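The values are calculated or read from the model by the stated rules, or taken from the named source; none is laboratory data. Because the structure is a prediction, the values reported are computed rather than measured. Please note: Cβ atoms are built from the backbone with ideal geometry, for glycine as well, and neighbour counts cover all protein chains shown.
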Ligand code: NAP
């Protein structure tokens, strides 16, 4: 049984897929969840579903790649909740292509959305968290950031950057009892992967690299994140947890 002591969490990319599963799982444990996504409709739908199920949730539409917008959103959130105890940096995009065909815009968008967004959120929310001397930060990276992946130079670089950020902040925040960890999903069945999950030929090829021979579900990632955010995980920091069916051994 995991314990959470009525904490408050902010989860980016909570409108769909993995982020939505994380928000729903934390809410089931009594955590008040602030669901962030780019479109108001998608975070609104997640927050409404959580509230309808008896949980406590808010929706917040903000483009995490826009530093000014994140600063403003964080200020608004901190007016209502003086401390956000749990931050899950999960929002992410892909713009795949081999390096010679990759545009600078695709490089910049992926770095800004996946990596720089973590910097934008952690600065304002990390300060009250460290003052409170209790906190959990979980960054959702990827097997691509751990192993590299042809066609994903931008995404692999962003996700590997998140791992470096995780380990550094774990060291910076440790004295304040704030843990910082990363979770690296493999191939998870979400909107991000529908293109190859639903193509039998491509799916079979992809699964050759997965020892457990199946795609993961968003709930597989949410369980690991919930554990890392609980009281029980207080002695774990600076780690990367691969939840990938055994891909990155
Ligand atoms: P998804 O189904 O495509 O959902 C992405 C979520 O991120 C959406 O809620 C989206 O908002 C939000 N988002 C994207 N760009 C944003 C922006 N600029 N500002 C605010 N929100 C933004 O993705 P997913 O598969 O759940 O992936 C979640 C995380 O896991 C990502 O970081 C991804 O890189 C990582 N990951 C996924 C897999 C996988 O196989 N699925 C594998 C490894 C790592 P809207 O709903 O408003 O569009």
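Data table
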item: Residues being in a helix (DSSP H, G or I), under 16 Å from the mean Cα position of the chain (by Cα) and closer than 25 Å to residue 134 by Cβ - total across segment 205-249; result: 9
item: Residue check for residue 132: over 15 Å from residue 12 (Cα atoms), surrounded by fewer than 24 Cβ atoms within 10 Å (Cβ to Cβ) and away from the ligand (no atom under 16 Å from the Cβ); result: yes
item: Filter pass, residue 77 being within 19 Å of residue 123 (Cα to Cα), in a helix (DSSP H, G or I), touching a strand residue (DSSP E or B) at 6+ places or on another chain (Cβ under 9 Å) and in contact (Cβ under 8 Å) with a residue 24 or more places away in the chain; result: yes
item: Members of segment 124-146 found to be more than 19 Å from residue 226 (Cβ to Cβ), touching a residue at least 60 places away in the same chain (Cβ under 8 Å) and part of a loop (DSSP other than H, G, I, E, B), listed by number; result: none
item: Options 144, 223: the member that is at pLDDT 95 or above and crowded, with 18+ Cβ neighbours inside 10 Å; result: 144
item: Of all residues in segment 29-42 being over 13 Å from residue 225 (Cβ atoms) and away from the ligand (no atom under 14 Å from the Cβ), the one that is nearest to the chain's Cα centre (by Cα); result: 32
item: From 115, 60, residue being buried (at least 18 other Cβ atoms within 10 Å of the Cβ), within 15 Å of the ligand (Cβ to nearest atom) and under 14 Å from residue 38 (Cβ atoms); result: 60
item: Count of segment 138-154 residues which are near the ligand (Cβ under 10 Å from one of its atoms) and either within 13 Å of the chain's Cα centre (by Cα) or farther than 20 Å from residue 210 by Cα (or both); result: 4
item: In segment 164-204, residue nearest to residue 220 (Cα to Cα) [restricted to those that are without any contact (Cβ under 8 Å) to a residue 12 or more places away in the chain, in a helix (DSSP H, G or I) and within 15 Å of the ligand (Cβ to nearest atom)]; result: 194
item: Selection count, segment 94-122, where residues are without any contact (Cβ under 8 Å) to a residue 12 or more places away in the chain and under 19 Å from residue 66 (Cβ atoms); result: 3
item: Number of positions in segment 43-66 that are in a helix (DSSP H, G or I) and under 16 Å from the mean Cα position of the chain (by Cα); result: 2
item: Search result, residues across segment 147-163 that are touching a strand residue (DSSP E or B) at 6+ places or on another chain (Cβ under 6 Å) and in a strand (DSSP E or B); result: none
